[in-house]
Amino acid sequence: MTKKRVAILISGRGSNMRALIEAAKDKNYPAEIVLVISNVAGAGGLEFARQHGIKTEVIEHKKFPSREIFDNAMNVALKKANAEIVALAGFMRLLSPRFVESWRRRMINIHPSLLPAYKGLHTHKRAIEAGEKFHGCTVHFVTPELDDGPTILQAKVPVLPGDTEDALASRVLEQEHKIYPEALRLVAEGKAKI
Ligand code: GRF
């Protein structure tokens, strides 16, 4: 089996990145993680990736004069690694339309809400405040609009009485770690169609 070469983009702790790396250890998994890029030098996830023998690159957005030039630098690294799929995992930068276009159908993201509900930040807090009975997470193909694009997989969790933002976030995160590797599998196998 030829495995698809996957790059993961992170900005922080990287628990979803970790779930993908763990899943990819299985010899029957159709993807291998060849590169982790972080736009933040101290991102927690970097160390885990290095310990697992995965090449890492820090490309700090603040060192670039524009979003496009930063995105170009990422594309250079992605090309050098021969990446075929890009997985955003807590990557906290907006991407330029040109970059997104160049990875059309080959770039996926995980978002902590049942999209199209609650795009953007603070999704758990907003879901609790709105009195939602259910919340969850979505893996979707990335399109130029923020947290948009065709859904690949979703998982739903209940919002329980008295839930705090943290309690709800960890209930959702547990599901994120299940659906992200599954969604990447579908994309790598060409089974997730738009
Ligand atoms: C996750 O909740 C993910 O859905 C969102 O950002 C968070 C990143 O967490 N996009 P981690 O860095 O993967 O632990």
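Every number in this text was worked out from the coordinates using simple rules, so none of it is lab data. As the structure is a computational prediction, the values presented were derived from the model and not from experiment.
With θ set to phi - 60° and the Karplus curve 6.51 cos²θ - 1.76 cosθ + 1.60, what are the ³J(HN,Hα) couplings of segment 145-150 in order, to the nearest whole Hz, using x for Gly and Pro?
7, 4, 6, 10, x, x
Over 28 Å between Cα atoms: which of Lys133/Lys193; Lys3/Lys178; Lys125/Lys178; Lys133/Lys178; Lys80/Lys156 fall into that group? Show your work: numbers first, answer last.
Working: Lys133/Lys193 30 Å; Lys3/Lys178 20 Å; Lys125/Lys178 22 Å; Lys133/Lys178 21 Å; Lys80/Lys156 38 Å.
In this structure, Lys133/Lys193; Lys80/Lys156 exceed 28 Å between Cα atoms.
For segment 50-123, what's the relative contact order in percent, using C-alpha pairs closer than 8 Å and at least 6 residues apart?
Once divided by the residue count of segment 50-123, the mean separation gives 26 percent.
To the nearest Å, what is the center-to-center distance of segment 165-194 and segment 135-154, using C-alpha atoms only?
What the calculation gives is 10 Å, centre to centre.
Collect residues whose amide H, placed 1.01 Å from N in the peptide plane, falls under 5 Å from the amide H of Met107; neighbours closer than 5 in sequence don't count.
Sorted by chain and number, the residues that satisfy this are Val86, Val142.
Calculate, in whole percent, how much of the Cα-Cα pair population of the chain lies beyond 32 Å. Don't jump to the answer; show the numbers that get you there.
Details: 2275 of 18721 pairs.
Roughly 12 percent, once rounded to a whole number.
At 0.36 nm per residue, minus the direct Cα-Cα distance, what do Glu32 and Ser170 gain on full extension? Give it in nm, one decimal, please.
47.0 nm
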